[in-house]
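All remarks here apply to the structure that follows.
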Amino acid sequence: MINRETYLEKLRQLKDQNLIKVVTGIRRSGKSTLLEAFKNELIENGVEENHIIFLNFEQRENLHLSEWTILYDEIINSLKGKDKYYIFLDEVQLLNNFEKLINALFTKKNIDLYVTGSNAYLLSSEIATLLSGRYISINVQPYSFAEYLLAFNDEKNTDRLFRKYINSSSFPEAVNLSMFNEDLVNDYLQSIYDTVVLKDIASRYKLRNLHQMQSVIKFVFDSIGSYVSPSNIAIELNKISKKSISHNTVSKYLDFLVKSYILYPAARFDIKGKELLKSNEKYYVVDLGLKNIIATNKYDTNLGHKLENVVYFELLRRGGKVYVGKNNEKEVDFVVHKTNNQFEYFQVAFSVNEIKTFEREISALKNIRDAYPKYLLTMDFDNTSIDGIQKLNVIDWLINK
């Protein structure tokens, strides 16, 4: 089992804090395994096993716990005295009125509460209001490249592994399958995709035209790293389809995909004015392997955009809000607004060995007049400083935080 240290460290810091810990993310990204690992840490550090209650609502033996009041009574009756108890509710959105259960358990001062869910219903506007100021969200994604390396201990060629990483899947189980039979990986990814699209989205929102949504998904997957809007997606799709689709429908589908953690949006940020812009944004796909089953995706193609996708999620893991930047007429790939109100700027290119490419990429950073850190990430082997801009090999950057 790969140690998800980034997320475990967050859980360690939040232990016994008076907050509901909400672990979210796409299905099969490792949320249940993460909670199991943290539960084992608690036991290793002296917490008695009978002071831990772990319930996975996908398991057959827990299907009878459909009413929150019955489950609440069972949990409360298990508590003895005023000792601290650790309650883990895995895939809690499958329970009827789960938000009432969470709220009721949180009122008990001797309960430290952890919940997971695979769609953003867990943090919808109504529930966010109900739990306002009482929860903190930890979003789990498939393996980072540093975690991916741990799965291939016998392979010492990190360049070769990285090429595989940006062309295939980093879902934990997909990585395991790839070691035995690559043909099984796409079958596994197809099952995740079908579950999220057909069960989490289509069934919940009672969608009738799945073909339209599939078209939107394919368009956005093929547009990773490019600015898009519901209007221009609708215009392009209407050119190739006999049945028209409105920008409002496209906007609705994009919202569903974001809430199910397939897509992550990056809004545009005006660097000079330090404000968000309402116009076009970019979308990034939670796992590049998913492109292999829905979009036209050939091995070792569109490497620049795939690299940009990898960097986006690494920046999310390292903390802060991640935007795409605009500085006058120049575009900056990523602007990171850190929690201390500091900024970092990132430009991403597969290679800048050609002088024309180098000048284009570096000029976007040179044009920024403030003194915050600026980085140019590439697959080139040299790490150097250019007028205060740090040019780094992206693999080194991903491995060495």
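General remarks:
- V348 being modelled with pLDDT of 95 or more, under 19 Å from L398 (Cβ atoms) and of a type in the set (V, I, T): yes
- Filter result for the condition that a residue is touching a strand residue (DSSP E or B) at 6+ places or on another chain (Cβ under 6 Å) and among the hydrophobic types (A, V, I, L, M, F, W, C), over F38, F54: F54
- Check on D396, farther than 22 Å from K274 by Cα and at pLDDT below 95: no
- Counting only strands (runs of 3 or more DSSP E) that fall entirely inside the stretch 356-401 and contain at least 3 residues that are aliphatic (A, V, I, L, M) and under 23 Å from R317 (Cβ atoms), no element qualifies.
- Checking E354 against (1) surrounded by fewer than 16 Cβ atoms within 10 Å (Cβ to Cβ); (2) closer than 24 Å to F145 by Cβ; (3) without any contact (Cβ under 8 Å) to a residue 24 or more places away in the chain, the condition it does not meet: (2)
- Residues in the stretch 328-340 that are within 13 Å of D370 (Cβ to Cβ) and out of contact with any Asp or Glu (no Cβ under 8 Å at 6 or more places or on another chain) were compared, and the one that is surrounded by the most Cβ atoms within 10 Å (Cβ to Cβ) is V332.
- Flag if D159 is more than 23 Å from L257 (Cα to Cα) and touching an Asp or Glu at 6+ places or on another chain (Cβ under 9 Å): no
- For H305: the one exception among (1) surrounded by fewer than 15 Cβ atoms within 10 Å (Cβ to Cβ); (2) in contact with a Gly (Cβ under 9 Å, 6 or more places away or on another chain): (1)
- Residue count for the stretch 129-165 under the criterion of being over 24 Å from L315 (Cβ atoms) and without any contact (Cβ under 8 Å) to a residue 60 or more places away in the chain: the result is 10.
The values are calculated or read from the model by the stated rules, or taken from the named source; none is laboratory data. These numbers come from a predicted model, not from an experiment. Positions of Cβ are backbone-derived with ideal geometry, glycine not excepted, and every protein chain shown enters the neighbour counts.
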